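First comes the structure, then the notes that go with it.
The values are calculated or read from the model by the stated rules, or taken from the named source; none is laboratory data. For clarity, every value in this text was computed on a predicted model and none was experimentally measured. Glycine gets a Cβ as well: all are built from the backbone with ideal geometry, and neighbour counts include every protein chain shown.
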Amino acid sequence: MHLGVNIDHVATLRQARYATMLDSHNTEPSILAAAQAAMAGGADSITLHVREDRRHMQDADAMAVRRDIPLPLNLEMGATQAMLQFALELKPDFVCLVPERREEITTEGGLSVAGNEATLQPLVSALQANGSKVSMFIDPEPEQVRASAAIGAAMIELHTGRFANTLGAERAAETARLVAAAELGHQLGLEVHAGHGIQIANLAELNAVPHLTELNIGHTIIARSIFTGLTAAVREMKEAIESFQW
Ligand code: PXP
């Protein structure tokens, strides 16, 4: 099981103070130092979301991580022509296509691949021809899994937000949807990842979902790092993941 560590919140903290003075000598915290700390804790890849509004990660952050951090880079991005041009230049190892709405606090809901195949397929082809393996961030719905396979994406990332934010019967139903989507994705030859709201406390239940090869985790690790430091927070998560058979 690979652990992708999303360090967007490190940029959120930096922007809170320095958004208008990013070239200043005293800008902190450092994105590169955060990526290095995550690597030291056992991160298998670094995930950054360069949003259309550039509210946290900037283009220069992604470029610097690409240049200086010897881990695979996973770029999360909206499915737009402008982001496509940026990704073609950046050449990340992986691209995860996500839906984006300016007013949302974080990515809410998965990408509607079904119904938007004609727009998404050329993006996926261009990125994969440029050496970036593409994943579609989707809700665990059979039609989204099928559409992702149909347009040639190599991977899907199943949105675990609803799973994470519910309990009891609702969580059991969402887990069942994740299991079915993962089974179908695997049958169709897709690599199956999961992300959003994953915490140490819900790993045991997530473990019911078969065929997962990567978890992308951000918020809980950065939250924990306030108390432990980032390397220790990543290491704790990595050890918790490794305590299960996936
Ligand atoms: N995967 C995707 C596609 C995301 O958009 C996010 C949130 O930025 C994550 C994973 C990580 O979610 P969390 O911060 O809740 O761990």
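Here the condition is being on the phi > 0 side of the Ramachandran plot, within 13 Å of the ligand (Cβ to nearest atom) and either touching a strand residue (DSSP E or B) at 6+ places or on another chain (Cβ under 9 Å) or at pLDDT 95 or above (or both); of 196, 159, it holds for 196 alone. Looking at segment 15-29, can you tell me whether even one residue there is within 12 Å of the ligand (Cβ to nearest atom) and not aliphatic (A, V, I, L, M)? The answer is no, given that none of the residues of segment 15-29 is within 12 Å of the ligand (Cβ to nearest atom) and not aliphatic (A, V, I, L, M). Looking only at segment 213-240, count every residue that is more than 13 Å from the ligand (Cβ to nearest atom) and not charged (D, E, K, R) and tell me the total. The total comes to 9. Within segment 111-134, residues that are free of Cβ contacts under 8 Å to residues at least 60 places away in the same chain sit with their Cβ atoms under 7 Å from residues that are of a type in the set (S, T, N, Q), at 6+ positions apart or across chains, in these pairs: 113/144; 113/148; 114/144; 134/128. Within segment 52-92, the set of residues being in contact with a helix residue (DSSP H, G or I) (Cβ under 8 Å, 6 or more places away or on another chain) and of a type in the set (Gly, Ala, Ser) comprises 62, 64, 79, 87.
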